[in-house]
1. Considering only residues that are among the β-branched types (Val, Ile, Thr) and in contact with a Gly (Cβ under 6 Å, 6 or more places away or on another chain), which ones fall in segment 169-217?
2. Check Tyr132 against each of (1) at positive phi; (2) surrounded by 18 or more Cβ atoms within 10 Å (Cβ to Cβ) and name the one condition it does not meet.
3. Of (1) more than 15 Å from the chain's Cα centre (by Cα); (2) of a type in the set (A, V, I, L, M); (3) over 24 Å from Arg276 (Cα atoms), Val180 satisfies all except one. Which?
4. Could you list, in sequence order, all residues of segment 146-166 that are in a strand (DSSP E or B) and hydrophobic (A, V, I, L, M, F, W, C)?
5. Within segment 277-292, how many residues turn out to be of a type in the set (Asp, Glu) and assigned to a loop (DSSP other than H, G, I, E, B)?
6. Sort out which residues of segment 241-258 are out of contact with any Gly (no Cβ under 9 Å at 6 or more places or on another chain) and in contact (Cβ under 8 Å) with a residue 40 or more places away in the chain, and write them in order of number.
7. What's the number of the only condition in (1) modelled with pLDDT of 95 or more; (2) surrounded by 15 or more Cβ atoms within 10 Å (Cβ to Cβ); (3) over 20 Å from Val249 (Cβ atoms) that Leu164 fails to meet?
8. Quick check on segment 174-231: of everything there that is part of a loop (DSSP other than H, G, I, E, B) and acidic (Asp, Glu), which residue is farthest from Ser255 (Cα to Cα)?
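The values are calculated or read from the model by the stated rules, or taken from the named source; none is laboratory data. Values in this document were obtained by computation on a predicted structure and should not be read as measured data. Virtual Cβ from ideal backbone geometry, glycine too; neighbours counted across all protein chains shown.
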Amino acid sequence: MKKSLFALLGLTGMLMGEIIPKEIPSPLVLLQPEQKKIMQYDTHEERANIMKEDHKLPKEKRLYCSNTAKWREAVPVTFEWTCTDGEVGPFTVTFADNEAFENPQYVVIKKDKGTSVTPPNYLTNFMIGQKYYWKVTGKKDKQDVTSAVSTFTTEDMAPRWIKLEGRVGNTRDLGGWKTVDGRRIKQNMIFRGQGLNDNSINGKQPGRNRLTAADIDWMLNKLHIKTDLDLRSSSETANMTVSPLGPTVNFIHHSSNAYNGIFKESGKKVMAENFRVFTDIENYPIYFHCIGGADRAGSLALVLEGILGVPERELGLDWENTFYPHLPDMWEDFSPTFWCRYQYFLELFPQYGKEGDSFNKMIENYLLSCGITMEEIETFRKIMLE
């Protein structure tokens, strides 16, 4: 009897009409297939050689170096639904990371027809390993009609790419990586990427802002960025004192080093200054960058991730994420004098360890040699590890 009643109620609902969301497969894969495939290989040298060999192939046979391969952005997600009784648009897709739809994000379809939308990534920027709730609102007889709530879960696989509308790329969350002791770095705490404005062309006036108004709104009100840590030189910034995100953001400028430069005394001094920014909970969430988000930002990111316990293999992968499919090792054929190369880390961090030490321990000893204390390191770990 109960089964028949439920069936009748369901049939009645269909006859009355409703908007029905189409199920999104879980886990939802966000990483591009090329990136997932190259991440299966174990070492930096192996991945560099695979890229070099792929580049030698005819264009139509290339996997990684083809014109269709995509890097540094998530796979777009399509929301689909069915209208069972003539419901019309404009439709609004609402999604959030909580069932109560607190702090939701919206995707508006400004047309009467059409029952699917693939929003640009800068409107979604999903967290990894996260359950999401979504629903669709349309019109029926000039009244709002809202679907039942549907859910999906994103794949738990770093990195989490962040897409912006303006001219700021190579942007990602430092969170999501698993550590050697089975913990995970928190998401929505530290972000890295390209400069938020262009370099100065004369050393006197700051360069043009790269962000759109929508980017600024999203970074302030969705990511809640409180600190902009700028690693560029004074000539690049023209000694600017206000973040391109506006005066409400704490702007910190430290002219920083990269690669073998972080091991020099001047580089170690500024590394300590940079690290201490991340030991103050009041600074979070933090966005740090140079101009390309590659070398100075990449060197700092490796130290931050390494001290949190990200395995050596994944440290290499995340550094490479900036450059795929053309790793710097390919450009200079593993030249020992080329400044932009991962081998500097592999060769110089071991001087801060002894036989049997992990790469993470070497990075810890390096920070200690910079003047950072174990108390500061543990404070950072407490802030950033789940």
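1. Thr171, Thr179, Val180, Ile185, Thr212
2. Status for Tyr132: all satisfied but (1).
3. (3)
4. Phe152, Trp161, Ile162
5. Looking only at that region, the number is 1.
6. Ser243, Leu245
7. (3) is the only condition that Leu164 fails.
8. Per the criteria, the residue is Asp181.
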